[in-house]
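Trainee: The following block contains the structure, expressed as structure tokens.
The values are calculated or read from the model by the stated rules, or taken from the named source; none is laboratory data. It should be emphasised that the depicted structure is a prediction, and the values quoted were computed from it without experimental measurement. A quick note on method: Cβ atoms are made from the backbone with ideal geometry, for glycine too, and the neighbour counts reach across all protein chains shown. We work out accessible area using only protein heavy atoms, side chains counted, and drop any ligands, DNA or RNA first. Shrake-Rupley method; radii C 1.70, N 1.55, O 1.52, S 1.80 Å.
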Amino acid sequence: MNRLLKNKECNSLLGGLSADYRFFAPVRRAGRGRLSDTDLITYDQISSVEEIVWDEKTLRSAKEIMFPITETLMRFDQKTISQPSVVDNRGIVIFCRSCDIHAVSRLDKIFLDNGTSPDPYYERLREKIHFVLMECADPFKSCFCVSMKTNIPEKFIAAVREVDGGLKVLSQRRTLVDKLSTIGSECEFELHYPKQNGTEVFPPQTLDMPSELYDHEMWDEYSGRCIACGRCNTSCPTCSCFSVHDVMYDKDSGQAGERRRVWAGCHIDGFTDMAGGMEFRKSSGARMRFKTFHKIYDYRKRFGENMCVGCGRCDDICPEYISFSNCINKVSEQPGTQGESL
Amino acid sequence: MIRDINRKKVTKNAWRLTSSRNKTCLRIRVPGGHLDARHLDLMKHIAQQFGNGTVHLTTRQGFEIPGIDFNAMAQINELISEYIKETEQKIGVQIPTPREGYPSAGTRNISACIGNRVCPFANYDTTSMALEIEKTVYPNDFHVKLALTGCPNDCIKAHMQDIGIIGQALPELESQACIGCEACVKNCRKKVTNALTVVDHKVERDNRRCIGCGECVLVCPTQAWSRNPVKYFRLVIMGRTGKKNPRLAAPFAEWLTQDEVIAILKNLYPYIDRHIDRSLVKEHVGYIADRTGYKELRNWLLKGIKLNPRARIAKTMQWSGYEYGYDTDRWDCSQTIAESTGE
Ligand code: SF4
Ligand code: SF4
Ligand code: SF4
Ligand code: SF4
Ligand code: SF4
């Protein structure tokens, strides 16, 4: 069903559903950008569709909604251990783009299918989540979703297109269709998706990484350029690493505290530190190599698709202008990376 | 050739006496140091048609066009009237007759570092604020030097001004977004004042040490730090060069809002008017302050201003600087240097 809803109609729909759902979308936090007089575009809860930002990419992805940057895993004192429950039990509807929905399916693999049992903290949030697709009529310059095959949207309960003063909504969901049929008006809405991007990438095709690539000199250049700031990790919708800390509420008595997990990343100092001061991947080039192989080889070998979804955030954010998309292409120029197709 | 020139009138009109008795030099203001490039045609035209074909860029970011005949002044004042309308009248500066050139030259061009129009370190748009200040303080015959800089790097050398304005950011932490990577901690320790530590894998700030440079916001990978949208300013005062007692400006106030800064600048002028030594051709405000003492200056500067709760004002003032003196004991002559280096 295709409907044209005025903003007001959208908002009363959101309002009516708010007892059972929270809505998240890219929003603008004025003046909160990295540079002065710039805004931060980030996912946050919305109560009206006018808050949705359409023309700029978010700095961080939607993953923090199901994989919070800081998450308390348990609280303990001398006698008891308790697992904090989810504070808000409502369902979660996220307005986001095709690549970001695909990125969540990558996270699903890691958190739900990778180990012996699903990660319970991720699972309990993930279960609540539904996606509303924001149509990409005009992809951003750094996107390469077409190359990563994430341009064709999946797993959304509805798709929306921004029009003057409202939204066009498309849905096949029975419950939604029933609701939608009573508001707005009938309209034409054929969903578009990008068939070409400003950035084109040729991911490797072979299943196994040629072993010469491991010692290739291309990584040395990154040692000289990458400053290990970690922005490419924290902005990536598919990076899923975290570290776990225990924090005591009263340091002197040490009797009660909590265990937290917090985002970490392969480029960030301290990520591979071990007790005794050993560090596995000291040079930035080695860290870049690790990330690259993980995003376009190792994950694919295990799950059959590339981990990187081509959102382009790491290219947008790197203060040293290191382009991951170009790095993929450099890998693909090496012998033994092409041929045998996926 | 008869040369009968009203010297005072000429210099007040922003024309200069020069090393050549027959020639003058035009001074052009560029408030905030940023200019629409089309105006460069005018500078070129005047230099080539009336001057010696050269243009000098001043430390205060204006132009000086030398080698002009005194009798061309009226014609050139006419020529630059459009420029004065565009760069002064348009931003709200009160100049009733732009066809007669600049009405005064005492308060110098408001200079500014490039600010956030270009520089990532900047905590505000220095040029826009310079325009606000221009319209508050100009035209005025009192000799006052003001400059704005985007961050404590102080590329414009605000510390060499009567009042230097330094942008401050108030970074605020979204604690749950902090991953404890310590990037901000290490950076503040190495480059700034060591105001940050990590406690229980989250960053904490010692507010007494933070100077509001905004570096932590720049380096945080998750944007856990972001600036409070209110812009704050530190003022350093009474810096100077000169032939008597050169010195760096010293901190007078911090965490002021833009309105408070402008109000303080407005208050500077009645203070000068009240205390200036009129027996001198001009007395520089820093020397007035030396005579009246800091307390008196401070009282005038803050008159009628209700400060925001975050603002801090210096209780006492200690300027560094040195006197040119006759303490010949301080100096080695070339012979003693040669002896001590064994040459
Ligand atoms: S590696 Fe870069 S382009 Fe790929 S998903 Fe992560 S942030 Fe997006
Ligand atoms: S964003 Fe760039 S400099 Fe920072 S860790 Fe990633 S590749 Fe290195
Ligand atoms: S003072 Fe700061 S803002 Fe201004 S140019 Fe220098 S570094 Fe940039
Ligand atoms: S604003 Fe500057 S001084 Fe203050 S905490 Fe941040 S880096 Fe340190
Ligand atoms: S840079 Fe950001 S994430 Fe890292 S410790 Fe500082 S506030 Fe936390």
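Trainee: Output the lone cysteines of chain B: those with no second cysteine's C-beta under 4.7 Å from their C-beta.
Mentor: Singleton cysteines: B:C25, B:C119, B:C151, B:C178, B:C181, B:C188, B:C210, B:C213, B:C220, B:C333.
Trainee: Below 9 angstrom from the Cβ of B:A195, what's the summed charge of the other residues (Lys, Arg +1; Asp, Glu -1)?
Mentor: +3
Trainee: For the protein assembly as shown, what number results from the quotient of the Cα radius of gyration and 2.2 N^0.38 Å?
Mentor: Output field value: 1.22.
Trainee: Using DSSP to call loops (not H, G, I, E or B), can you name the trypsin sites (Lys or Arg not before Pro) in the range A:238-267 whose Cβ has at most 15 other Cβ atoms within 10 angstrom?
Mentor: A:K251
Trainee: In Å³ and rounded to a whole number, note down the convex hull volume per residue for the Cα atoms of chain B.
Mentor: About 219 Å³ per residue, rounded to a whole number.
Trainee: May I pose another question? Using a 7 Å offset from the Cα along the Cα-to-Cβ direction at both B:E100 and B:D36, what is the distance between the two label points in nm, to one decimal?
Mentor: 2.6
Trainee: What number comes out for accessible area per residue over chain B if the probe is 1.4 Å? Units Å², please.
Mentor: Per residue, chain B has 51 Å² of solvent-accessible surface.
Trainee: Based on the Kirkwood radius over alpha-carbon pairs, what value in µm²/s does the Stokes-Einstein equation return for the translational diffusion coefficient of the range B:236-287 at 4 °C and 1.567 mPa s?
Mentor: Rounded, D is 102 µm²/s.
Trainee: Hey, what's the Cα Rg ratio for the range B:163-235 versus the globular rule of thumb, 2.2 N^0.38 Å?
Mentor: 1.07
Trainee: Also: How big is the range A:46-194 on each of its three principal axes, counting only the C-alpha atoms and giving the largest first in Å?
Mentor: Result, largest extent first: 62, 39, 27 Å.
Trainee: Please give the charge dipole size of chain A, origin at the Cα centre, charges +1 on K and R Cβ atoms and -1 on D and E Cβ atoms. Round to the nearest 20 debye.
Mentor: Dipole about the Cα centre, nearest 20: 560 debye.
Trainee: If the convex hull of the alpha-carbon atoms of the range B:208-256 is projected onto planes in all directions, what is the mean projected area in square nanometres?
Mentor: 4.9
Trainee: Past the 22 angstrom mark, what percentage of all C-alpha to C-alpha distances in the range A:144-223 do you count?
Mentor: In whole percent, the long-distance tail amounts to 54.
Trainee: Here's another thing I want to ask about it. Nearest 100 Å², what total accessible surface is buried between chain A and chain B (probe 1.4 Å)?
Mentor: 2300
Trainee: Accessible area, 1.4 Å probe, largest first: how do A:I152, B:I80 sort?
Mentor: Sorted descending by solvent-accessible area, the residues read A:I152, B:I80.
Trainee: So, with +1 on the Cβ of K and R and -1 on the Cβ of D and E, and no other charges, what is the size of the charge dipole of the range A:95-152 about its Cα centre, to the nearest 20 debye?
Mentor: 100
Trainee: Using a 10 Å cut-off around each Cβ of peptide B:214-224, what is the average number of partner chain Cβ atoms that fall inside?
Mentor: Counting Cβ atoms of other protein chains within 10 Å of each residue's Cβ and averaging gives 6.
Trainee: For the range B:75-175, I need the span (max minus min coordinate) of the C-alpha atoms along each principal axis, in Å, sorted largest to smallest.
Mentor: Here the Cα extents, ordered largest to smallest, are 61, 24, 19 Å.
Trainee: Please say if the range A:1-98 is rounded, prolate or oblate, where rounded means a/c under 1.5 for a ≥ b ≥ c the square roots of the C-alpha gyration tensor eigenvalues, and otherwise the choice is prolate for a/b larger than b/c and oblate otherwise?
Mentor: oblate
Trainee: Here's something else I'd like to know. Let me know the whole percent of all Cα-Cα pairs from the range B:247-334 that are separated by more than 17 Å.
Mentor: 59
Trainee: Can you tell me the FRET efficiency between A:T72 and B:T257 if r is taken as the Cβ-Cβ distance and R0 is 35 Å, rounded to the nearest 0.05?
Mentor: FRET efficiency, A:T72 to B:T257: 0.35.
Trainee: Check each of the GluC sites (Glu not before Pro) in the range A:129-185 and keep only those in coil by DSSP with at most 11 other C-beta atoms within 10 angstrom; list them in order.
Mentor: Qualifying residues, ordered by number: A:E154.
Trainee: Given R₀ = 56 Å, FRET efficiency for A:V247-B:V10 by Cβ-Cβ distance, to 0.05?
Mentor: That gives a FRET efficiency of 0.15.
Trainee: If you don't mind, another one. With bins 5 Å wide starting at 0, give me the P(r) of the range B:187-285 over every alpha carbon pair, in whole percents.
Mentor: It works out to 2, 9, 14, 17, 15, 11, 10, 8, 6, 4, 2, 1, 0, in whole percents.
Trainee: Using a 1.4 Å probe and counting only protein heavy atoms, arrange A:I227, A:I110, B:I237 so the residue with the most accessible area comes first.
Mentor: A:I227, A:I110, B:I237
Trainee: Within 10 Å of each Cβ in B:123-132, how many Cβ atoms from other chains are there, averaged over the peptide?
Mentor: For peptide B:123-132, the averaged partner shielding equals 1.
Trainee: Of the heavy-atom accessible surface of the range B:3-115 (probe 1.4 angstrom), what whole percent is carbon and sulfur?
Mentor: Result for the range B:3-115: 49 percent of the exposed heavy-atom area is carbon or sulfur.
Trainee: Same structure, new question: Under a point spin-label approximation (7 Å from Cα along Cα-to-Cβ), what is the B:N299-B:A338 distance to one decimal in nm?
Mentor: Label-label distance for B:N299 and B:A338, simple model: 5.9 nm.
Trainee: Given a 1.4 Å probe and the protein chains all in place, what does the accessible area of A:C266 round to, in Å² to the nearest 10?
Mentor: The accessible area of A:C266 comes to roughly 10 Å².
Trainee: Taking 40 Å² as the minimum loss, tell me which residues in the range A:21-44 lose that much accessible area going from the chain by itself to the full protein complex (1.4 Å probe).
Mentor: Going by heavy-atom accessible area, the residues of the range A:21-44 that drop by at least 40 Å² are A:R32, A:R34, A:L35, A:S36, A:D37.
Trainee: Another one. Regarding chain A, what whole-number volume in Å³ per residue does the convex hull of its Cα atoms give?
Mentor: Roughly 177 Å³ of hull volume per residue.
Trainee: May I pose another question? Within 10 Å of each Cβ in peptide B:170-181, how many partner chain Cβ atoms are there on average? Round it to a whole number, please.
Mentor: Across the residues of B:170-181, the mean count of other-chain Cβ atoms within 10 Å is 5.
Trainee: State, to one decimal in nm, how far the label point of B:K191 lies from the label point of A:E127, with both points 7 Å from Cα in the Cβ direction.
Mentor: Output for this residue pair reads 4.6 nm.
Trainee: Rounded to the nearest 500 deg cm²/dmol, what is the calculated helix-only ellipticity per residue at 222 nm for the protein assembly as shown, with -39500 (n - 2.57) per DSSP H run of length n ≥ 4?
Mentor: -7000 deg cm²/dmol, from helical runs alone.
Trainee: Treating only the Cβ of Lys, Arg, Asp and Glu as charged (+1, +1, -1, -1), what charge dipole size does the range A:59-156 show about its Cα centre? Round to the nearest 20 debye.
Mentor: Computed about the Cα centre, the dipole is about 80 debye.
Trainee: Sorted by accessible area with a 1.4 angstrom probe, largest first, how do A:V53, B:V230 fall?
Mentor: The most accessible residue leads, giving B:V230, A:V53.
Trainee: Mind listing P(r) for the range B:20-126? All alpha-carbon pairs, 5 Å bins, whole percents.
Mentor: For the range B:20-126, the pair-distance distribution reads 2, 11, 20, 24, 20, 11, 6, 3, 1, 0.
Trainee: Further question: Would you please give the FRET efficiency between B:E172 and B:F70, computed as 1/(1 + (r/R0)^6) with r the Cβ-Cβ distance and R0 = 60 Å, to the nearest 0.05?
Mentor: The formula returns an efficiency of 0.55 here.
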